[in-house]
Amino acid sequence: MINYAYLYLLSPLHTGGTTQEGNLLGIARESHTNFPYIPSSSIRGRLRASVKDKDQKFKLFGTDLENASQLEQGTIWIGDASLLWLPVPSLSHGVVWVSCPMLLKRWARFTGKLDRIPVEYSCNFLNGNSAVYLKDAILKAEELKQWQKWQDFLPQTPQANTIERAIVLPDKHYATLIQMSLWRQVKIKLDENKTVDGGFRYEEAIPPDTLMYFTWGTTSAANGTASQIHQEFTQLLAKQEILQIGGQESLGRGFVQQWLASASK
C-alpha cells in the first residue's frame with residue numbers, strides 16, 4: 001500500500017544538486033523533467049534522526065555500520081518529494097500558484113483523481129477581460145479557462161488554505177517558469193578586513209509557500225507486521241509537524257510543515 005504526506009515550505013529549501021555551473025550552486029533536480037525535488041534520503045535522514053529509541057530506529061529505518069556488524073533493511077520506505085503547486089510572483093494578482101498536467105497526473109495516481117485532470121490554462125480566478133502576469137509571461141484572458149473544481153487538486157486542510165489563486169500551465173511552459181521563480185541568494189566571503197574574498201556565489205532554493213508531497217510504505221522486511229509498522233510510522237509523522245530538511249538550519253532555511261494525507265479521496 002502506498003501512502004503519502006504533504007510538505008508546505010515555510011522557508012526557502014536547498015538540497016544540493018549533482019553539478020555546479022560557474023558560480024551557481026544548484027539544487028537537486030529530476031533527470032527527466034529538470035523539476036526541483038527533495039531526495040528521499042534527505043527526508044528519511046531527518047525522520048530517522050528524530051527517533052530517540054534505538055530499537056525503534058533500527059526497526060523502522062534499518063541498521064548502520066556504526067552500531068551493527070552488518071547492514072539490515074528497515075521496515076519503512078520513503079519516496080522522493082515531488083512538486084505539486086509552486087508560488088509565482090504576479091504583477092496583476094500578487095502571488096499565483098502554478099502546476100502542470102504532468103505533475104497533477106503524478107499526484108492523481110495516488111489520490112484516484114486521474115479522470116479529473118484539468119486542461120491546460122485552467123484558472124480559478126478569472127476576472128472579466130483581465131490578463132494574468134506571471135514573471136515575464138502574460139496570459140491573455142481569452143486563453144484562460146474557468147476551473148470550477150480546482151479544490152479537488154488541493155488538500156482541503158488548514159495548512160494549505162493560503163493557496164487561493166491557481167493556474168494549470170502546459171508542461172513545457174511550467175518548466176520555464178520554475179527556472180525563473182526559484183529563490184536565488186547571493187553570497188560572498190569576507191576576509192578579516194571585511195573585504196570581499198573571491199567572487200560572488202549564487203545559491204538556488206525552492207521558494208517558501210511551495211506545496212510538495214512524498215510517498216511512503218512498508219517494505220518486505222515488515223514480514224507480517226505491516227499493520228503495526230504502519231501505525232508506528234504514522235504516529236512518528238504525526239509528532240513531526242515541523243521538519244527541517246536540507247542545509248543551513250542556522251539560517252532558517254529548509255523548514256517545512258508536514259502532515260499526513262487524508263485517507264479519503
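The values are calculated or read from the model by the stated rules, or taken from the named source; none is laboratory data. If you're wondering where the values come from, they're calculated on a predicted model, not measured in any experiment. A quick note on method: Cβ atoms are made from the backbone with ideal geometry, for glycine too, and the neighbour counts reach across all protein chains shown. Areas reflect the complete protein model, heavy atoms only, side chains present, ligands, DNA and RNA absent. Shrake-Rupley method; radii C 1.70, N 1.55, O 1.52, S 1.80 Å.
Points worth noting:
- Residues of the stretch 108-156 satisfying the condition of being part of a loop (DSSP other than H, G, I, E, B), of a type in the set (S, T, N, Q) and surrounded by fewer than 13 Cβ atoms within 10 Å (Cβ to Cβ): ASN127, ASN129, GLN148, GLN156
- Restricting the stretch 157-195 to residues that are assigned to a loop (DSSP other than H, G, I, E, B), without any contact (Cβ under 8 Å) to a residue 12 or more places away in the chain and not charged (D, E, K, R), the residue that is least open to solvent (accessible area, probe 1.4 Å) is THR195.
- Residues of the stretch 70-107 that are surrounded by 18 or more Cβ atoms within 10 Å (Cβ to Cβ), small (Gly, Ala, Ser) and more than 21 Å from LEU13 (Cβ to Cβ): GLY74, SER90.
- Residue list for the stretch 211-243, restricted to those being under 25 Å from LEU86 (Cβ atoms) and open to solvent by 10 Å² or more (accessible area, probe 1.4 Å): THR215, GLN240, GLU241, ILE242
- Every pair of residues 6+ apart whose Cβ atoms lie under 7 Å, when the first sits in the stretch 132-148 and is farther than 20 Å from LEU182 by Cα and touching a residue at least 60 places away in the same chain (Cβ under 8 Å) while the second is open to solvent by less than 80 Å² (accessible area, probe 1.4 Å) and not in a loop (DSSP other than H, G, I, E, B): none
- Here the stretch 14-28 is the region considered, the condition is being over 22 Å from TRP77 (Cβ atoms) and among the aliphatic types (A, V, I, L, M), and the residue that is modelled with the highest pLDDT is ILE27.
- For the stretch 121-138, the condition of being of a type outside the set (Ser, Thr, Tyr), at positive phi and at pLDDT below 95 holds for at least one residue.
One line per residue, one yes/no per condition, for (1) on the phi < 0 side of the Ramachandran plot; (2) assigned to a strand (DSSP E or B); (3) of a type in the set (A, V, I, L, M); (4) over 18 Å from the mean Cα position of the chain (by Cα):
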residue	(1), (2), (3), (4)
GLU203	yes, yes, no, no
ASP209	no, no, no, no
TRP216	yes, yes, no, no
ALA221	yes, no, yes, yes
GLY224	no, no, no, yes
GLN231	yes, no, no, yes
THR234	yes, no, no, yes
LEU237	yes, no, yes, no
LEU243	yes, yes, yes, no
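- Screening PRO170 against (1) over 20 Å from ILE245 (Cα atoms); (2) at pLDDT below 95 leaves a single unmet condition, (2).
- Pairing each residue of the stretch 90-112 that is on the phi < 0 side of the Ramachandran plot and among the polar types (S, T, N, Q) with any residue that is open to solvent by 40 Å² or more (accessible area, probe 1.4 Å) and not in a helix (DSSP H, G or I), provided the two are 6+ apart or on different chains, yields C-beta distances under 7 Å for SER90/TYR133; SER92/SER130; SER92/TYR133; THR111/LYS265.
- Residues of the stretch 32-41 that are of a type outside the set (Val, Ile, Thr), open to solvent by less than 40 Å² (accessible area, probe 1.4 Å) and farther than 13 Å from ALA175 by Cα: PRO39, SER40.
- Among residues of the stretch 224-241 that are among the charged types (D, E, K, R), none has a beta-carbon under 6 Å from a residue that is surrounded by fewer than 12 Cβ atoms within 10 Å (Cβ to Cβ) at least six positions away or on a different chain.
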